[in-house]
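To start, the structure under review is shown below, and the notes come after it.
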Amino acid sequence: MKRLPIGIQSFAKLREDKGFYYVDKTRFIKMLSEETSGYFFLSRPRRFGKSLFLDTLRQAFLGKKELFKGLYLEKNWDWSKKYPVIYISFGAGVHKTEEELRETQDMILRKHAEGYDIKLEEKSIKNRFIELIEKVYKKEKEKVVILVDEYDKPILDNIEEKEIAKEMRESLKNFYSVIKDADEYIKFVFITGVTKFSKASIFSGLNNLNDITLDPTI
């Protein structure tokens, strides 16, 4: 008997194991990719499969056709096109200070820079992020896909410490504002989280972000 993929966040592991049930949701990837906006936000409680869906998006844009054998996307996706992906997750660990958050952000940027064999020279986190996007685009000669998982966790980690939570919010707001500034280098953006903060706060710069949280088709 097959098992339920509880707690599994890796689409590759799910597909390669063959011992798990999988409800084919890949048609949603096709649907989202055809939307003109290309910038999406989805809020769901924990354990609703957000991380797994985000990883499924990543594997599709990376062109890993072998993982989609027998699924809807196998015959409904242009596998000749591959896109560079910047995958950002704040799900691991707890960030209790703004300095810890900056260290995590810097680590994420450095890992991607190493993976694409580029060198980052800017000093601030914000400038390094936009430098990464631009340099990846120029090296790969394809627009970049940006996937952000648990965008709000550093805030929720400190929800009972109002001042720290506020610092986290402002730091993340500064970080995410880069996505708007780098629009000319970006193919697709998908952001997930538990909470839905207003665009006037953390996503004030992303006025083109399409909130599909209550979309009945998703």
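The values are calculated or read from the model by the stated rules, or taken from the named source; none is laboratory data. Since we're looking at a predicted model, the values are computed, not measured. Note that each Cβ is placed from the backbone with ideal geometry, even for glycine, and that neighbours are counted across all protein chains shown. Accessible surface is based on the protein model in full, side chains and every heavy atom, while ligands, DNA and RNA are left aside. Shrake-Rupley method; radii C 1.70, N 1.55, O 1.52, S 1.80 Å.
Per-structure values
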| quantity | calculated |
| --- | --- |
| Full-stretch length increase - N127, Y72 - with 0.36 nm per residue and alpha-carbon distance subtracted | 15.9 nm |
| Region 83-146 shape via C-alpha gyration tensor axes, a/c threshold 1.5 | prolate |
| Average Cα contact separation per residue, the chain, under 8 Å, 6 or more apart, as relative contact order % | 27 |
| Nearest 10 degrees, 0 to 90: helix 50-61 Cα axis against the chain principal axis | 70 |
| Cα centroid of region 143-189 to Cα centroid of region 8-72, whole Å | 22 |
| Gyration tensor (alpha-carbon) shape descriptor, region 1-95, a/c threshold 1.5 | oblate |
| Largest to smallest accessible area among M31, M168, M107 [probe 1.4 Å] | M107, M31, M168 |
| Förster-model FRET efficiency, 22 Å R0, R44 and F20, C-beta, rounded to 0.05 | 0.65 |
| Within region 78-153, GluC sites (Glu not before Pro) in DSSP loop having at most 16 other beta-carbon neighbours inside 10 Å | E121, E122, E142 |
| Cα Rg, Dmax, region 38-155, angstrom units | 15.7, 47 |
| Relative contact order [Cα under 8 Å, 6+ residues apart], region 71-152, whole percent | 49 |
| Which listed pairs, of K141/K187; K64/K196; K126/K166; K64/K141, have C-alpha distances above 21 Å, in listed order | K64/K196 |
| Å² per residue, accessible surface of region 1-137 at 1.4 Å | 58 |
| Gyration tensor (alpha-carbon) shape descriptor, region 72-218, a/c threshold 1.5 | oblate |
| Theoretical gain in end-to-end length, V94 to K166 [0.36 nm per residue, Cα-Cα removed] | 24.3 nm |
| Carbon and sulfur %, accessible surface of the chain computed with the full protein complex present, 1.4 Å | 49 |
